[in-house]
Amino acid sequence: MPLFEPLNLTGKYVRLQPLQRRHMADLEDAVRDGELWNLWYTRVPSPETMELEIRRRMEKQDQGTMVPFTIRRLADEAALGMTTFCNIDADTPRVEIGYTWLRASAQGSGANADCKMLLMTHAFEQLGCRAVEFRTHWMNHPSRAAIERLGAKQDGVLRNHTRMPDGTVRDTVVYSVLDTEWPIVKRGLQARLDKPRQSGSPTPGKGRR
């Protein structure tokens, strides 16, 4: 049985369910909230490219290099975005959490912290991962700040690393959390999830990786 396989994970605010093609309309609606694909430093699919992106992620799942999820809000089952386990190294084991985006109105709601709690708990406590990695564009300062708030440490920068949809070549910042660091990172995430939420304007849209 593969170490990394599709599964459902349920937290305080969200449920992560294995990505399926039938989720396309819900995800098209989610990505229109904030028009996240227009942020030049992200790789968020547009409504027109959502079908292609779902197919790409599911093909990578078939190849054993990705486990993609649809993020749904528990309160009303609305689709909030997508996330994945990717760059899977089952031998070490080690994994990246990436290709994540959330609809703009869900940012600052606790959904992102809940996603990270679910995925990192599963990676460290169920799969025995030695490290969980995060990657983002050097210029994606909101994403970098969010990763650093988790308690992840910067490993380095991969310069001229990958070509973006607009043709530019990005520098990729690599972060990680080690298994020995997970207990304190988990405490920080739990404190964020326990904090009362107040209604208000969403934070500006941002996408990861």
Q: Please indicate, with yes or no, whether at least one residue in the stretch 152-162 is of a type in the set (D, E, K, R), within 27 Å of P18 (Cα to Cα) and assigned to a strand (DSSP E or B).
A: no
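Just to be sure before I move on: is N87 part of a strand (DSSP E or B), without any contact (Cβ under 8 Å) to a residue 12 or more places away in the chain and not hydrophobic (A, V, I, L, M, F, W, C) in the structure I sent? Reasoning before the result, please.
On the way: part of a strand (DSSP E or B): yes; without any contact (Cβ under 8 Å) to a residue 12 or more places away in the chain: no; not hydrophobic (A, V, I, L, M, F, W, C): yes.
Here the answer is no, as N87 does not meet what is asked.
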Q: Pull up the stretch 46-74, narrow it to residues that are hydrophobic (A, V, I, L, M, F, W, C) and either in contact (Cβ under 8 Å) with a residue 40 or more places away in the chain or part of a strand (DSSP E or B) (or both), then point me to the one that is farthest from H23 (Cα to Cα).
A: M66
Q) When both residues are 6+ apart or on different chains and their Cβ atoms are under 8 Å apart, which pairs have a first residue that lies in the stretch 112-131 and is closer than 11 Å to V95 by Cα, and a second that is aromatic (F, W, Y) and buried (at least 23 other Cβ atoms within 10 Å of the Cβ)? A) L119/F85; A123/F85
Q. Is there a residue being closer than 19 Å to L193 by Cα, out of contact with any helix residue (DSSP H, G or I) (no Cβ under 8 Å at 6 or more places or on another chain) and not charged (D, E, K, R) anywhere in the stretch 71-89?
A. yes
Q: For the stretch 132-148, name all the residues that are surrounded by fewer than 19 Cβ atoms within 10 Å (Cβ to Cβ), part of a helix (DSSP H, G or I) and free of Cβ contacts under 8 Å to residues at least 40 places away in the same chain.
A: H141, A145, E148
Q: Could you tell me whether any residue of the stretch 154-165 is farther than 20 Å from N8 by Cα and in contact (Cβ under 8 Å) with a residue 60 or more places away in the chain?
A: yes
Q.
I'd like to verify a number: residues in the stretch 14-45 that are at pLDDT below 95 and assigned to a helix (DSSP H, G or I), how many?
A. 3
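The values are calculated or read from the model by the stated rules, or taken from the named source; none is laboratory data. Given the structure is predicted, the values throughout are model-derived calculations rather than measurements. When we count neighbours, we look across all protein chains shown, and the Cβ atoms used for this are built from the backbone with ideal geometry, even at glycine.
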